[in-house]
Amino acid sequence: MLNEPENGNYSNPIRIRAHHLLCIQGYQGHGYNKEFEKNMDKIVKQLESFPEQELEIIAECDDICFRCPHNVDELCRADTNSHMRVNDMDMFVLEKLDLKEETIDSAQNLFNLVNEKLDNFDVQQICGSCSWKLKCLWFKEKDVEILNKNLKMHNP
Ligand code: SF4
Ligand code: SF4
């Protein structure tokens with residue numbers, strides 16, 4: 001059940017769906033509308049200034065989805081398959097990070113885990129069909145790493 005933020009604030013711990021652990025790291029201020037961006041700006045700023053902030057990791061609509069125009073009755077309705085697709089992304093990330101739903105840990109620890117445990121194949125699996133790829137800093141950095149590895153493989 002999605003918590004209604006009090007006075008416009010997110011919950012504490014902040015509830016974050018698993019695949020958003022990647023998206024937060026790639027956020028550059030672009031979102032679905034102004035309200036979404038305002039909320040996302042606030043969450044990202046909090047995590048940057050206070051990396052010890054606790055996050056609860058979930059696989060359903062979170063404190064980011066809360067202000068998204070695609071959140072309809074707490075399901076992602078960006079398109080007909082989006083609910084299943086984003087849920088699969090969450091479950092994939094949980095499995096790869098060896099985390100259970102409702103795990104609570106600091107943002108810093110969770111971001112470290114993402115960056116240590118996800119390999120190139122995982123990045124393609126999670127981000128392959130995302131429409132934000134070209135604007136996502138996290139994906140762009142991973143994409144360059146993949147490109148460099150491929151170049152090395154073909155030109156040892
Ligand atoms: S490319 Fe999309 S799914 Fe992947 S981290 Fe960026 S915003 Fe998230
Ligand atoms: S598009 Fe879907 S998963 Fe992404 S923030 Fe909006 S409701 Fe959440």
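Bear in mind that the values in this text are calculations on the coordinates, not laboratory data. The structure displayed is predicted, hence computed values, not measured ones. When we count neighbours, we look across all protein chains shown, and the Cβ atoms used for this are built from the backbone with ideal geometry, even at glycine.
Using the Cα centre of the chain as the reference point, and only Cβ charges (+1 on K/R, -1 on D/E), how large is the resulting charge dipole? Debye, rounded to the nearest 20.
Result for the chain is approximately 780 debye, rounded to the nearest 20.
Run the quick spin-label model on Leu134 and Glu52: label points 7 Å from Cα toward the beta carbon, then report their separation in nm to one decimal.
Placing both labels 7 Å along Cα→Cβ, they lie 4.2 nm apart.
Thr103's amide H: which non-local residues (gap 5+, or another chain) put their own amide H closer than 5 Å, with H modeled 1.01 Å from N in plane and none for Pro or chain starts?
Ile57
So what's the back-of-envelope 222 nm ellipticity for the chain, counting only DSSP H runs of four-plus at -39500 (n - 2.57) apiece and dividing by all residues, rounded to 500?
Mean residue ellipticity at 222 nm (helix-derived): -15500 deg cm²/dmol.
If one takes the longest principal axis of the Cα atoms in the chain, at what angle in degrees, from 0 to 90 and to the nearest 10, does the Cα axis of helix 107-117 lie?
The helix 107-117 is inclined about 30 degrees to the chain.
Once phi is turned into θ = phi - 60°, what whole-Hz ³J(HN,Hα) does the Karplus curve with 6.51, -1.76 and 1.60 give for every residue of segment 49-63, x standing for Gly and Pro?
Residue by residue, segment 49-63 yields 7, 9, x, 7, 3, 7, 10, 9, 8, 10, 10, 7, 4, 10, 6 Hz.
So if I take the centroid of the Cα atoms in segment 84-139 and the same for segment 53-76, what is the distance between those two points in Å?
15 Å
Once both axes come from the Cα atoms, what is the angle between helix 82-97 and the longest principal axis of the chain, in degrees from 0 to 90, rounded to 10?
That helix lies at roughly 70 degrees to the long axis.
Roughly how tilted is helix 137-154, in degrees to the nearest 10 and between 0 and 90, from the longest Cα axis of the chain?
That helix lies at roughly 10 degrees to the long axis.
Could I have the simple spin-label model distance between Tyr32 and Leu75, label points 7 Å from Cα toward Cβ, reported in nm to one decimal?
1.4 nm
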